[in-house]
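Engineer: Please read through the structure below; I'll follow up with questions.
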Amino acid sequence: LVSRKKKAEDTIVVVNGERIGEGKPTFIFGPCAVESYDQVAAVAGAIQQKGLRMIRGGAYKPRTSPYDFQGLGLEGLKILKRVAQEYNLAVVSEIVTPHHLEEALDYIDVVQIGARNMQNFELLKAAGSINKPILLKRGMAATIDEFIHAAEYIISQGNDQIILCERGIRTYEKATRNTLDISSVPILKQETHLPVFVDVTHSTGRRDLLLPAAKAAIAIGADGVMAEVHPDPAVALSDAAQQMNLQQFDEFYDSLQKFMKSYEIH
Ligand code: PEP
Ligand code: MN
């Protein structure tokens, strides 16, 4: 059902007035994890100033080590929603188990399924039964075909509001956190009718590569870019090495807009 052969027209996912997949790139920014009201509000203010409509932030964090910050859970979602209402933003946040889906729906506008859960088939089926957009990230060891099949699990339950997100894959290369598989973008655009995002933060894992990676994503036809922003990355409870501070975010976004204008991508 996600195949272009089944449906030739692009699927457009509407989030808070933003039309994702219609040609003009859209953006999802926000901290890696929700840490406090003030932290989220600072980022929300910067996002709103750019005229953007979505904020991300993890409340249930799938961390490599069980001893690392696991996220604020439902309390984090409540903070996100409160801030989002104050700044007129839609909330994008990850859910890691079907058990949390129902209680989270009151607080989340776009349900993110993370790389580590791309083949959590029960979660995919549960996400397919709800009436909210799903941001599905590519598993770090998933082929494009497996990624497409994961989306098929969602759509087969009736939910066709799916945004695919390339977030880098595991290779032997150590210079970046993951290897951004940029060619997956046009392949996914050809093979499916779904919007395709690129997460430049988790793919590169390097602040200095966020802008060039975002330019590449847009140039190759991505429908949008995700990146992490934190008021003070040095003290962030997760992903301190790769989040932008507010000034870096400002420069990143303005440079990207200039790039888009110069290539007449509007
Ligand atoms: C995230 O976006 O917060 C995240 C954990 O990313 P990924 O699932 O791609 O690792
Ligand atoms: Mn992160």
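Engineer: Regarding the stretch 88-97, can at least one residue be identified that is at positive phi, touching a strand residue (DSSP E or B) at 6+ places or on another chain (Cβ under 7 Å) and of a type in the set (Gly, Ala, Ser)?
Structural biologist: no
Engineer: Can you tell me which residues in the stretch 135-171 are assigned to a loop (DSSP other than H, G, I, E, B) and without any contact (Cβ under 8 Å) to a residue 24 or more places away in the chain?
Structural biologist: Pass one, the stretch 135-171, residues assigned to a loop (DSSP other than H, G, I, E, B): 138-143, 156-161, 167-168, 170-171.
If the condition is that a residue be assigned to a loop (DSSP other than H, G, I, E, B) and without any contact (Cβ under 8 Å) to a residue 24 or more places away in the chain, then Thr143, Thr171 are the ones that fit.
Engineer: I would also like to ask the following. Among the residues of the stretch 208-225, how many are within 16 Å of ligand 1 (Cβ to nearest atom), closer than 22 Å to Glu146 by Cα and out of contact with any helix residue (DSSP H, G or I) (no Cβ under 7 Å at 6 or more places or on another chain)?
Structural biologist: So the count comes out to 1.
Engineer: Of everything in the stretch 37-53, what is over 16 Å from Arg82 (Cβ atoms) and surrounded by 15 or more Cβ atoms within 10 Å (Cβ to Cβ)? Give them in sequence order.
Structural biologist: Ala46, Leu52, Arg53
Engineer: When you go through Pro31, Pro62 one by one, which is the residue that is more than 22 Å from Lys261 (Cβ to Cβ), within 16 Å of ligand 1 (Cβ to nearest atom) and exposed (fewer than 14 other Cβ atoms within 10 Å of the Cβ)?
Structural biologist: Being more than 22 Å from Lys261 (Cβ to Cβ), within 16 Å of ligand 1 (Cβ to nearest atom) and exposed (fewer than 14 other Cβ atoms within 10 Å of the Cβ) holds for just one of Pro31, Pro62, which is Pro62.
Engineer: Listed residues Gly114, Gly139, Gly205; which is within 15 Å of ligand 1 (Cβ to nearest atom), surrounded by fewer than 20 Cβ atoms within 10 Å (Cβ to Cβ), under 23 Å from Ser238 (Cβ atoms) and of a type in the set (Gly, Ala, Ser)?
Structural biologist: Criteria check complete, one pass: Gly205.
FYI, it's all coordinate maths here, none of it is from the lab. Everything numeric in this text was worked out from a predicted model, so none of it was measured. No Cβ is skipped: glycine too gets one built from the backbone with ideal geometry, and neighbour counts run over all protein chains shown.
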